[in-house]
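Single-structure report; data block below.
The values are calculated or read from the model by the stated rules, or taken from the named source; none is laboratory data. Every value quoted in this text rests on a predicted model; they were computed, and no experiment measured them. We place every Cβ from the backbone using ideal geometry, glycine too, and count neighbours over all the protein chains shown. With ligands, DNA and RNA removed, areas are computed over all heavy atoms of the protein, side chains included. Shrake-Rupley method; radii C 1.70, N 1.55, O 1.52, S 1.80 Å.
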Amino acid sequence: MFNRVFCSIVTLAVLSCPALPRNQAAPEVVSPLGAKFYSQPDEKNQVAEAEKALAADPKSIELLIKLGQAQAAVWRYRDAIATYSRAIELDPKNAVLYRHRGHRYISTRQFDKAIDDLERGAKLDPKLDPKLYDIWYHLGLAYYLKGNFAKASQAYEKCRALADKDDSLISVSDWLYMSYRRQKKYAEAARVLDRITPEMKPGENRSYFDRLLFYKGLKKESEMINDKMTDLEIATVGYGLANWHLYNGDKAKAKEMFQRIVSGKYWPAFGFIAAETELARMR
């Protein structure tokens, strides 16, 4: 039943994805599996508006960040990296800039560069300012995607210490739990779940919350998938389930689910990127 529903959702996601613009010059990313991924049309003209605002004040770090965010919103990650690099030249000790560029290095599958940026950002923030929770979150992810689960769990523990709301605690707890499971540190993984309760308010992190409840045995696998899921939810929920099967010994089922995830179109999703890395390791 799960396989049939999951397949139908992936099919709908592929059919609903907008066609690529014909004038697309080059892919944003060539994946570890050889797939080419492209940016989206800027239908809201947000990049041009951000460029116009920046032209009036070209040394504004705030406006450079807004331009990078506008570029990232339409999956123009190479442009966003260039924009953040320009900002770093102006303000090389700004930890937030390394967080933004490090995130986009992850989006473009440049994990070593992401680690360099995020570690630099962490060093620039020795007091662990809660506002920079995202540095540790993305550093943990970069290590996780490299297969260095020990360093991933260390970064995620620091990130979790900065979580001040349910939604932030939920998202980091999911990746921390998986990092410990991949190291076969079952007691540590169980302790991560101790802080997760059904009464929590997940906000935008509903998919991560569902995964955590599933790990706790409070949700069934058949309850995780429905025909109203977005492409992002398919990648996020699908990776959590596939990874769970992987570290519980069902490699064949995990591989099948990873393959279904990467047949979708939401290629910047963390679950999509993680599924790619798993398949690349399985080769």
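Pick out the one residue from 19, 80, 25 that is out of contact with any strand residue (DSSP E or B) (no Cβ under 9 Å at 6 or more places or on another chain) and either outside any loop (DSSP other than H, G, I, E, B) or modelled with pLDDT of 95 or more (or both).
The conditions single out 80.
Which one is most open to solvent (accessible area, probe 1.4 Å) among residues in region 160-171 that are at pLDDT below 95 and either part of a helix (DSSP H, G or I) or over 20 Å from residue 208 (Cα atoms) (or both)?
Among those that are at pLDDT below 95 and either part of a helix (DSSP H, G or I) or over 20 Å from residue 208 (Cα atoms) (or both), it is 161.
Consider residue 110 against the criteria (1) touching a helix residue (DSSP H, G or I) at 6+ places or on another chain (Cβ under 6 Å); (2) buried (at least 18 other Cβ atoms within 10 Å of the Cβ): it satisfies all of them except one. Which criterion is unmet?
For residue 110, the failing item is (1).
Check 146, 123, 185 and return the single one that is over 26 Å from residue 100 (Cβ atoms) and either of a type in the set (Ser, Thr, Tyr) or surrounded by fewer than 21 Cβ atoms within 10 Å (Cβ to Cβ) (or both).
185
Can you tell me which condition residue 109 does not meet? The list is (1) in a helix (DSSP H, G or I); (2) within 27 Å of residue 144 (Cβ to Cβ), and all the others hold.
Single failed check for residue 109: (1).
Checking residue 236 against (1) within 22 Å of residue 156 (Cβ to Cβ); (2) over 22 Å from the mean Cα position of the chain (by Cα): exactly one of these is not met. Which one?
Residue 236 satisfies all of (1) within 22 Å of residue 156 (Cβ to Cβ); (2) over 22 Å from the mean Cα position of the chain (by Cα) except (2).
For residues that are assigned to a loop (DSSP other than H, G, I, E, B) and under 19 Å from the mean Cα position of the chain (by Cα), tally how many sit in region 40-77.
4
Taking the condition of being within 18 Å of residue 62 (Cβ to Cβ), surrounded by 24 or more Cβ atoms within 10 Å (Cβ to Cβ) and of a type outside the set (A, V, I, L, M), how many residues in region 72-105 meet it?
Total satisfying the criteria: 8.
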